[in-house]
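Notes follow once the structure below has been shown.
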Amino acid sequence: MTGQQADGAAVRGLWRREYGDAGGSLRGVFRTLAAHPDRFPALADPSQGLYSARVDLGADRGFFRFLSIRDQILCGISDCTLTEDCHEDVRDEGLIELHFQIEGPVRLSWDIEASSAPPARGNDHPVHEATLIALRCAPDLAYTVRFPPGSYRLLGIYIAPEMLRDSLAVSTGAIERFLNPPPGEIPIVERKINMDFVRALQALWDIPFESPRDLTRASAKLTEIICLVADALDDGGDEGAQSFSQRDLDMFERARDILATDFSKNYSASTLARDLGTNATKLKAGFKFFYGTTIFEYRKKYRMDYALTLLAKGDMTIAEIAESAGYKRQASFTSAFKLHFGMLPSTAKQSGAGPARGKTPLE
C-alpha cells in the first residue's frame with residue numbers, strides 16, 4: 001500500500017502499510033506473515049504460544065523481525081537502512097507502545113480523528129545508549145511515524161495496559177493515563193535506560209532464531225525488558241510525563257516545517273518558541289518526543305542537505321551557499337559541513353555529489 005506526500009509523490013510505508021491488512025493494524029501484520037510462510041521464514045511453538053517471522057529487505061538493507069507471546073505481547077524489531085522517506089500510520093489498538101530508539105532518527109506527527117542472509121548473530125552492531133518512550137494513542141487520534149533516510153535499530157513492544165498495572169503492579173499516574181487516555185491527548189513518558197536495559201536489548205539482538213529453543217530465549221528476554229520497563233516507570237514516578245493537545249501537535253508540525261525550510265534565521269529553541277507562541281521547555285520536550293531528535297540536530301540535517309544540493313548544482317560559490325544555508329561566516333559553514341559529511345564543501349562541489357536518493361528497501 002502506498003500513500004501520497006503533499007506534493008503528490010508516492011510515500012512508502014513500513015510495517016503496517018506493507019504487510020498489514022486493510023485496517024492497518026499491527027495484529028494484521030502478524031496475520032499476513034502467518035498466512036504466507038513461503039515468503040516470510042517463521043518459527044512457532046504452539047505449546048507456549050510463541051511465534052516469530054523475519055522479513056528480509058535484501059541487498060544488505062537489513063531486516064524486520066516480528067515476535068508474539070500468546071498474542072498478549074507483540075514485538076517488532078527494525079535493523080535496516082532506508083534510502084528515502086517511509087511513513088507508518090498508527091491507530092489505537094488498546095495497547096501501550098514501548099519504543100526503544102537505539103540508532104537513527106525518527107520523526108512523528110499526529111492527526112486528529114484518524115488521519116540476502118545476514119550474520120547469524122547481531123553483535124556486529126553493539127547496543128550503546130538507548131531511550132525508552134512509552135505512549136498510548138487515544139481512540140480518537142491517529143499518528144504518523146516519519147522515517148527519513150538513514151540506518152535504524154528500533155525495538156517496539158506492544159502490551160496491554162492492564163498487564164503493566166495488574167501483573168507487574170506498576171502504580172504511577174502514567175499507568176492510569178495509559179488505561180484511559182484523555183480524548184484528544186497523547187500521554188507519553190520518556191526514560192533514560194540503564195545498563196541492565198542495554199544488556200537485555202543486546203541479548204535479544206544476538207538471538208539467531210534458528211530453532212524453537214530460540215523462541216523461548218526471546219520470550220525470556222522480552223519478559224525481562226518489560227520488567228525493566230515496569231521498574232523504570234515506578235522508579236521515575238511521573239517524571240518525564242507529558243500530554244499534548246491537538247493544538248500542541250499542530251505547533252510542533254509548524255516548528256518542523258520552519259526548521260526544514262527556513263534558513264534565513266539562526267533559530268534557537270527560545271527564538272523558535274517565541275515565534276510560535278509557546279515556551280522553550282514545551283517545544284524542546286515535544287520535538288524530542290515526536291521527531292526523535294533535538295531541534296539543533298534536526299535543523300542541522302536539513303541545512304546540510306540543502307547546502308549539498310546547491311553544491312551539486314555547481315552554479316553558486318561556496319560563500320554564496322554558506323550564506324544561503326544561514327551561515328554568516330564561510331569558515332563556520334566549512335567546519336560544520338566537514339563534520340557532518342566527512343568532506344570539504346569544495347570536494348563535494350567538484351564531485352557533484354548530492355543527497356542520496358533511490359528505492360526504499362521495501363521495493
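Every number in this text was worked out from the coordinates using simple rules, so none of it is lab data. What you are looking at is a predicted structure, and each value in this text was computed from that prediction instead of being measured. Counting neighbours? That spans all protein chains shown, and the Cβs are built from the backbone with ideal geometry, glycine included.
Just list whichever of LYS284/LYS328; LYS284/LYS313; LYS192/LYS284; LYS288/LYS349 have alpha carbons separated by over 27 Å in the model shown. Numbers along the way, then the final one.
Working: LYS284/LYS328 25 Å; LYS284/LYS313 34 Å; LYS192/LYS284 16 Å; LYS288/LYS349 33 Å.
Table pairs above 27 Å Cα-Cα are LYS284/LYS313; LYS288/LYS349.
Under 12 Å from the Cα of LYS282, which aspartates and glutamates turn up, not counting those fewer than eight places away in the same chain? Cross-link targets: ASP248. Sequence-ordered 3J(HN,Hα) estimates for the stretch 215-231 from the Karplus curve with 6.51, -1.76 and 1.60 and θ = phi - 60° stand at 5, 5, 4, 5, 4, 5, 5, 4, 4, 4, 5, 5, 5, 5, 4, 4, 4 Hz, glycine and proline given as x.
Taking 0.36 nm per residue of sequence separation and removing the Cα-Cα distance, the CYS227/ALA319 pair yields an extension gain of 27.7 nm.
In the stretch 256-305, what trypsin sites (Lys or Arg not before Pro) fall in a loop by DSSP, with at most 16 other Cβ atoms inside 10 Å?
Working: sites: ARG256, LYS265, ARG274, LYS282, LYS284, LYS288, ARG299, LYS300, LYS301, ARG303; in loops: LYS265.
Hits after loop and neighbour filter: LYS265.
The relative contact order of the stretch 245-351, computed from alpha carbon pairs under 8 Å that lie at least 6 residues apart in sequence, is 22 percent.
Go ahead and run the numbers for FRET between ARG274 and SER211, Cβ-Cβ distance against an R0 of 51 Å, rounding to 0.05. Please list the in-between numbers first.
Numbers: r = 59 Å, r/R0 = 1.15.
For ARG274 and SER211, the calculated efficiency is 0.30.
Applying 1/(1 + (r/R0)^6) with r as the Cβ-Cβ distance of ALA312 and LYS192 and R0 = 56 angstrom yields a FRET efficiency of 0.90. Backbone amide hydrogens, once placed in the peptide plane, bring GLY184 within less than 5 Å of ASP140, excluding anything fewer than 5 places away on its chain.
Remark: the stretch 206-212, residue by residue, has Karplus-estimated 3J(HN,Hα) of 7, 5, x, 6, 9, 8, x Hz, where x stands for each Gly or Pro and the curve is 6.51 cos²θ - 1.76 cosθ + 1.60 at θ = phi - 60°.
So, R0 is 35 Å and r is the distance between the beta-carbons of THR347 and LYS265; what FRET efficiency does that work out to, to 0.05? Show your work: numbers first, answer last.
Numbers: r = 29 Å, r/R0 = 0.81.
Efficiency for this residue pair is about 0.75.
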